[in-house]
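Participant: Let me give you the structure first, and then I'll get to my questions.
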């Protein structure tokens, strides 16, 4: 196994007197799906925001592709290839699929030595279709405002956008929330497709069936701390729930943590 | 713990997305083209009704009347063009009326200053244009900076600047009409590209106004006055800007979701500043053209047009919530108001009826817009701007 793509060391984040994230470390390797679990208020979102540049961590270091990084803005994280898909997806519902995939990075045609620049909608549509095809996503039409699409289809647009712009690490915040059964399954398929491309996914969720359906490894947080890290195949629902509600805590038994004993994923 | 909500969503089916009945599709189509239909029916009505009322003495669709309508919509349309961009981006610019007044006064003062200083007429006119539009753009810049950087709601900011600009316009014009402008100015603001003299001794004249008088003058119709041509150019530029460029795309994106626009790296603040500069600038052009038209600058010229211009934008289908609208829609909206006004006058209807009709059309326009949301099942969040 090569060096991890993302390495988080001893991250701590406080909001006033509240310790939102306390001394959390973990690694993400290429091509794995890691579930980040925890009850509401466990610190999942704050931890993720420290990685994606929304918050600056008070303590600790983050290494991405072997280099130390400190993203001061989500845009910087995206430029490095860390793509975070929040529940609201950051899509403009009044624009079509192509416009959304290229939002903020539109392709232009130049006329009169660049004096006049027009949008190259044909090119953007073509590239969008190519990306969607490669992810085996099909829409009835790509030229309608995406407000006519379902929640899962919009999720797919957000994922396709990240894929098109060469995301190296995908962080997804509760992607199957508010989706119907069939749509949930499609989103999970997309996560598998990302793994097949070698793009690792951090999946924030508290839907346990999703966790077992798609993740390789799990990190469970409680009260701002990482209480355990396990291979998905080596745990079960009951055990995970105990970790999530705080009934079990590996850090109390063993100060060293259990990372050393964990077999690395292939 | 598993969130109980997630169990519920597991049971819920997929939401139907694009399936629609033919009745719904017809409703959608109707809601998109109703303004065109309404304009067409209205013109048809006046074409039939005007000769009836006047016993055939007056017709509605004459060359002279159509040209009059085109001239009449210029200020409302120009104010509405910039406003179209601003409202699509979920903003509002209430200052354009008084900005137009300020531009009228500024361009008159600058033009007079240049001409009296010995500059030839044409350069003086250009100086007037630069002063009027430049002054207006400066107000737009201030609007945009306060709205985007200091996060004050656009409604409040532009309300405030409209009062400030009103004061400045009155002070600069010394509470009177700015006169003493060169007499040759009249041609710039009123002459037409083509003149057509009907009947005996008549003909077509290009690029110069024929020296006719008496009976021939009565039979002469100007076709395409210069201000109409200039306005048409501005309209074409605005259509291009909104539909074909990144600027237009970002305008829609900001109106659709300001947060999405920000997160995808669109420089939202800078874009908003540009939008208010654009809005003020088209108002500046309107002020400049009114100075040419009346050969005088006036501080009272713009304000009465503000609400008409917003009405034109709304009738044209621009959503006050942002994210939707077209330039051609605003043109149709302005035409509807102008045709209505002209037609009612020709029917000898008391002029005040136009306000009642326009007001009704504005409310109907918004109702139609909302019914479209009902059909598509779209949820609109109110934007906090």
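The values are calculated or read from the model by the stated rules, or taken from the named source; none is laboratory data. Computed from a predicted model, the values in this text were never measured in an experiment. For neighbour counting, all protein chains shown are included, and Cβ atoms are generated from backbone atoms with ideal geometry for every residue, glycine included.
Participant: Is it the case that residue A:131 is closer than 20 Å to residue A:11 by Cα, at pLDDT 90 or above and surrounded by 14 or more Cβ atoms within 10 Å (Cβ to Cβ)?
Facilitator: no
Participant: Given the criterion more than 17 Å from residue A:32 (Cα to Cα), surrounded by fewer than 22 Cβ atoms within 10 Å (Cβ to Cβ) and more than 14 Å from the chain's Cα centre (by Cα), identify the matching residue among A:184, A:144.
Facilitator: The conditions single out A:144.
Participant: Let me ask something else about it. Scanning for something more than 11 Å from chain B (Cβ to nearest Cβ), within 30 Å of residue A:235 (Cβ to Cβ) and out of contact with any strand residue (DSSP E or B) (no Cβ under 9 Å at 6 or more places or on another chain), does segment A:161-180 turn up at least one residue?
Facilitator: No: segment A:161-180 contains no residue that is more than 11 Å from chain B (Cβ to nearest Cβ), within 30 Å of residue A:235 (Cβ to Cβ) and out of contact with any strand residue (DSSP E or B) (no Cβ under 9 Å at 6 or more places or on another chain).
Participant: Taking residue A:193 as meeting all but one of (1) more than 14 Å from every other protein chain (Cβ to nearest Cβ); (2) touching a helix residue (DSSP H, G or I) at 6+ places or on another chain (Cβ under 6 Å), write down the number of the exception.
Facilitator: Looking at each condition in turn, residue A:193 falls short on (2).
Participant: While we're here: Since residue A:176 meets every condition but one in (1) over 14 Å from the mean Cα position of the chain (by Cα); (2) crowded, with 23+ Cβ neighbours inside 10 Å; (3) part of a loop (DSSP other than H, G, I, E, B), which condition does it not meet?
Facilitator: The one condition residue A:176 does not meet is (1).
Participant: If you don't mind, another one. Does residue B:76 fit the bill of being under 30 Å from residue B:348 (Cα atoms) and surrounded by fewer than 23 Cβ atoms within 10 Å (Cβ to Cβ)?
Facilitator: no
Participant: Quick check: anything in segment A:148-156 without any contact (Cβ under 8 Å) to a residue 60 or more places away in the chain, more than 10 Å from chain B (Cβ to nearest Cβ) and within 30 Å of residue A:40 (Cβ to Cβ)?
Facilitator: Yes, segment A:148-156 contains at least one residue that is without any contact (Cβ under 8 Å) to a residue 60 or more places away in the chain, more than 10 Å from chain B (Cβ to nearest Cβ) and within 30 Å of residue A:40 (Cβ to Cβ).
Participant: Can I ask one more? May I ask you to verify whether residue A:133 is free of Cβ contacts under 8 Å to residues at least 60 places away in the same chain and away from every other protein chain (no Cβ under 14 Å)?
Facilitator: When the stated conditions are applied, residue A:133 passes them.
Participant: A follow-up question, please. Quick check on my filter: what residues within segment A:205-241 are part of a helix (DSSP H, G or I) and away from chain B (no Cβ under 11 Å)?
Facilitator: A:212, A:213, A:214, A:232, A:233, A:234, A:238, A:239, listed by residue number.
Participant: Can I ask one more? Among strands (runs of 3 or more DSSP E) lying entirely in segment A:63-122, which contain 3 or more residues that are more than 10 Å from chain B (Cβ to nearest Cβ) and crowded, with 16+ Cβ neighbours inside 10 Å?
Facilitator: A:82-85
Participant: Another question about this same structure. Which members of segment B:251-294 meet the condition of being over 30 Å from residue B:173 (Cα atoms), in a helix (DSSP H, G or I) and more than 8 Å from chain A (Cβ to nearest Cβ)?
Facilitator: Across segment B:251-294, the qualifying residues are B:251, B:254, B:258, B:262, B:268, B:269, B:270, B:271, B:272.
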